[in-house]
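Before I ask anything, here is the structure I am working with.
Quick note: the coordinates plus some simple rules give every number you see, no bench work behind them. Because the structure is a prediction, the values reported are computed rather than measured. Every residue, glycine as well, gets a Cβ built from its backbone with ideal geometry; the counts of neighbours run over all protein chains shown.
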Amino acid sequence: MKKITIIGAGAAGLMAAITALESRSDVSVTVIDKNQRPARKVMITGKGRCNVTNNCDNATLINNIPRNGKFLYSAFSRFSTDDTINFFEKCGVPLKTERGNRVFPVSDKAVDIAFALVNKAKSLGADFTVGEVDKILSANGKVLGVRLKDKTDIFSDAVIIATGGMSYPLTGSTGDGYKMAKELGHIVTEIKPSLIPLVCHEGFCTNLSGLSLKNITASFFEEGKKKPIYSEQGELLFTHFGISGPLTLSASAHLRYIGKKNYYVIIDLKPALSNEKLDKRLLRDFSEEQNKDFSNSLDALLPKSLIPVVVKLSGIAPNTKVNQITKEQRNDFVTLIKNFKLHIIGTRPVEEAIITSGGVSVKEIYPSTMESKLVKGLFFAGEVIDVDAYTGGFNLQIAFSTGVLAGENSAK
């Protein structure tokens, strides 16, 4: 009987357990997690809806993983997004594809995805143990099992570390896997928050808190560089501290030196209109309301809460009649609308990150098996590895694909 111990009952750990148990009949799997309820982090992903994967090909998957994407080629070849979709639908969870090829359960309930993983693992005979692993036992370059904090030893032929990163610590992701990997000689790259809201210098963000800008273009720059680090059209959300929303979260994966380098974002509030067309639009709006004050003439152009901010930034007195605004003032206002600038001064705490960037060095993991190159019988799956992707279901797909490889090969 081949014995496998999996540390972490999240997306990666559960998929590893399922795959190992389906690989052969003479295998036993023990899944150890700090929580009474497995898959806690899965239940809060996608704002409780769970963006399961992205309905795209493998090349697109890798293009959406800015950090060590090519390392995952074998994992995605073995278990693709189509495989993920088929898996959950066979488990009785119908899925749907939404904007940006994001895949969600038809029910819009993340709990359905969590239950599918847990119930499948349990039906195959996985044994769930509530506990906290203190260390991985090893000798002569091979794993022997794990020791829990209560000094209980669980012996096994293979150990899979699927502990997640350091984001959402209330779900149990507190960086334990990094510590265990280091103790066994693995390099762990610098851990940073990724897919995280950004803190801005501008105090007016507080006044805009809750405002969601859709179909805008946001371009993120490093101070002194002409080419944007990241530029995309989509949705951005103002918060009391700065900005969040899909565009911000994806951009944060590129701003790797916040605190050491200065960054800013330029928001084009009207990307569908050229400067010339926007100027004509303004002229038309002004001609219809010639005797109105400037501050009362922008309701058709901008969200209500944004108007006082842009009026102040324009330098045009709020009570200026629109028929008194000069061509130069109008041109400057068009430039402001097309180049709304915010200075980024930091990120929110790592606990608020959707994922963490950094982890166990991919140079020390076999990409075709997820086994450690340093310790025989030790495998890694999910966020504990030094890979991270944009929002859109890509990170969960990484968890599922690496989980499958780790589970399959640990059972051999």
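Expected output is a single nm value to one decimal: the length gained when fully extending between Ala59 and Ser305, i.e. 0.36 nm times separation in residues minus the C-alpha distance. What is it?
Stretched fully, the Ala59-Ser305 segment lengthens by 84.5 nm.
Near the amide H of Asp388, under 5 Å away, which other amide H atoms are found, from residues 5 or more places off or on another chain, if H is placed in the peptide plane?
Those qualifying (amide H under 5 Å, at least 5 residues apart or on another chain) are Arg67.
Cα-Cα over 23 Å: which of Lys270/Lys304; Lys225/Lys341; Lys292/Lys312; Lys226/Lys280; Lys151/Lys179?
Details: Lys270/Lys304 15 Å; Lys225/Lys341 15 Å; Lys292/Lys312 17 Å; Lys226/Lys280 29 Å; Lys151/Lys179 18 Å.
Correct reply: Lys226/Lys280.
Now for a different question. Please list, or write none, the lysines whose alpha carbon is within less than 19 Å of the alpha carbon of Lys109, excluding same-chain residues fewer than 8 places away.
List returned: Lys41, Lys47, Lys90, Lys96, Lys120.
Residue farthest toward the positive end of the dipole of region 197-347, with Cβ of Lys/Arg at +1 and Asp/Glu at -1: which of Ser295, Asn339, Ser250?
Highest projection toward the positive end goes to Ser250.
Most exposed first by the Cβ proxy, i.e. fewest other Cβ within 10 Å, how do Ile32, Ile6, Ile266 rank?
The most exposed by this proxy come first: Ile266, Ile32, Ile6.
May I pose another question? So for the chain, taking the charge dipole from beta-carbon charges (+1 Lys/Arg, -1 Asp/Glu), which of Thr45, Val130, Thr217 sits furthest toward the positive end?
Comparing the listed Cα positions along the dipole, Thr217 ranks first.
Pull up all non-local amide H partners of Ile365: gap of 5 or more, or a different chain, and H-to-H distance under 5 Å with H placed in the peptide plane.
The list, which skips near neighbours in sequence, is Lys373.
Is the C-alpha gyration tensor of region 197-347 telling us rounded, prolate or oblate? Criteria: a/c under 1.5 is rounded; beyond that, a/b larger than b/c is prolate, otherwise oblate.
prolate
From Cα pairs below 8 angstrom and at least 6 apart in sequence, can you work out the relative contact order of region 105-218, rounded to a whole percent? Mind showing how you got there, number by number?
Details: 79 pairs, mean separation 11.8, N = 114.
In percent, rounded to a whole number, it is 10.
Please get the size of the charge dipole for the chain, origin at its Cα centre, with Cβ charges of +1 on Lys and Arg and -1 on Asp and Glu, quoted in debye to the nearest 20.
320 debye
If we count other beta carbons within 10 Å of each Cβ, what is the order of Glu232, Glu276, fewest first? The partial results should precede the final answer.
On the way: Glu232 16, Glu276 9.
With the sparsest Cβ surroundings first, the list reads Glu276, Glu232.
Indicate, rounded to the nearest 5 percent, the antiparallel portion of the DSSP beta bridges found entirely in the chain.
Values: 47 of 67 bridges.
Taking every DSSP beta bridge with both residues in the chain, the antiparallel ones total about 70 percent.
Per-residue HN-Hα couplings for region 347-352, Karplus 6.51 cos²θ - 1.76 cosθ + 1.60 at θ = phi - 60°, whole Hz, x for Gly and Pro?
3J(HN,Hα) across region 347-352, in whole Hz: 10, 6, x, 4, 4, 9.
Looking at the square roots a ≥ b ≥ c of the eigenvalues of the Cα gyration tensor of region 363-412, which shape do they give, rounded for a/c under 1.5, prolate if a/b is larger than b/c, or oblate? Write down the numbers at each step before the final one.
Values: a/c = 3.14, a/b = 1.70, b/c = 1.85.
Note, shape of region 363-412 comes out oblate.
Computed FRET efficiency, Cβ-Cβ of Lys312 and Ser287, R0 25 Å: what is it to the nearest 0.05?
0.55
Here's another thing I want to ask about it. In what sequence do Leu213, Leu313, Leu198 fall when counting other Cβ within 10 Å, fewest first?
Listed from fewest to most nearby Cβ atoms, that is Leu313, Leu213, Leu198.
Using only Cα atoms, find the angle between the long axis of helix 394-410 and the longest principal axis of the chain, and express it within 0 to 90 degrees, rounded to the nearest 10.
10 degrees
Further, regarding this structure: Treating only the Cβ atoms of Lys and Arg (+1) and Asp and Glu (-1) as charged, compute the dipole magnitude of region 197-347 about its Cα centre; round to the nearest 20 debye. Walk me through the numbers on the way to the answer.
Numbers: 20 positive and 15 negative charges, 68 e Å.
My answer is approximately 320 debye.
Using each residue's phi in region 213-229, evaluate 6.51 cos²θ - 1.76 cosθ + 1.60 at θ = phi - 60° and report the 3J(HN,Hα) Karplus result to the nearest Hz, with x for Gly and Pro.
9, 10, 6, 9, 10, 10, 10, 9, 10, 8, 3, x, 9, 8, 8, x, 6
Taking R0 as 30 Å, what's the FRET efficiency between Glu328 and Ile229 from their Cβ-Cβ distance, rounded to 0.05?
Working: r = 32 Å, r/R0 = 1.08.
Taking R0 as 30 Å, the efficiency between Glu328 and Ile229 is 0.40.
Show the residues, 5+ positions off or on another chain, whose built amide H is closer than 5 Å to the amide H of Lys2.
When sequence neighbours closer than 5 places are left aside, the close amide H contacts are Val27, Ser28.
For region 197-347, what does the relative contact order come out to in percent, with C-alpha contacts under 8 Å and a separation of six or more?
30 percent
Sticking with this structure for a sec: Output wanted: per-residue J couplings in Hz (rounded whole) for region 231-242, from phi through Karplus 6.51 cos²θ - 1.76 cosθ + 1.60, θ = phi - 60°, x for Gly and Pro.
9, 7, 9, x, 10, 9, 10, 7, 10, 5, 9, x
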